[in-house]
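Below: the structure, in structure tokens.
The values are calculated or read from the model by the stated rules, or taken from the named source; none is laboratory data. Source: prediction; values computed, not measured. Cβ atoms come from the backbone with ideal geometry, glycine included; neighbour counts cover every protein chain shown. Ligands, DNA and RNA are stripped out before the accessible areas are found, and what is left, the full protein with its side chains, is counted by its heavy atoms. Shrake-Rupley method; radii C 1.70, N 1.55, O 1.52, S 1.80 Å.
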Amino acid sequence: LVQAVLEKDHAVLTKIPGIGKKTAERLVLELSDPFRKKVESGTFQISPLRPVITISSSRPAGAQLIPDHGIWGEAKQALLGLGYRENEAQLLLRRILDEHSTEFERTEDVIRLALQRSPT
């Protein structure tokens, strides 16, 4: 919870039963400063549940990495359904797209490769 609030990760907060978009926004708004102070003072300690993935790319900022349709869109939605964050799914699928020159015929093949390359 603390990490989600500090990272302003509304998507994680809305996965909590009973927490909708507006409540998640309010939690972030009202708890960010108190949580940040407690982390800085050492009262709260947070550590990432998953490794932090940094995306470095020569593509222009805001460019869409993976199409939201076809095999790639289906694979991305499957990864999101498995709990990956948007940027993690994008990164994994971009790596596969960059590494393989062949066209994939099945979504399952793309998902399998993504899960094999996943750091978690």
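Scanning segment 33-56 for residues that are modelled with pLDDT under 80 and either within 20 Å of the chain's Cα centre (by Cα) or open to solvent by less than 80 Å² (accessible area, probe 1.4 Å) (or both) yields a total of 13.
Checked against the criterion of being outside any helix (DSSP H, G or I), aliphatic (A, V, I, L, M) and either open to solvent by 70 Å² or more (accessible area, probe 1.4 Å) or at pLDDT below 80 (or both), segment 74-90 has at least one qualifying residue. Pairing each residue of segment 80-108 that is over 25 Å from ILE16 (Cβ atoms) with any residue that is not in a helix (DSSP H, G or I), provided the two are 6+ apart or on different chains, yields C-beta distances under 7 Å for LEU91/ILE53; LEU91/ILE55; LEU92/SER118; LEU93/ILE66; ARG94/LEU65; ARG94/ILE66. Kindly evaluate ASP109 against the criterion of being more than 12 Å from the chain's Cα centre (by Cα) and either on the phi > 0 side of the Ramachandran plot or modelled with pLDDT of 85 or more (or both). Yes: the conditions hold for ASP109. Which one of the conditions (1) farther than 27 Å from SER118 by Cβ; (2) at pLDDT below 85 does THR23 fail to meet, given that it meets all the rest? Only one criterion in (1) farther than 27 Å from SER118 by Cβ; (2) at pLDDT below 85 is unmet by THR23, namely (2). For segment 1-32, a tally of residues being open to solvent by 50 Å² or more (accessible area, probe 1.4 Å), over 17 Å from ARG85 (Cβ atoms) and not in a helix (DSSP H, G or I) returns 2.
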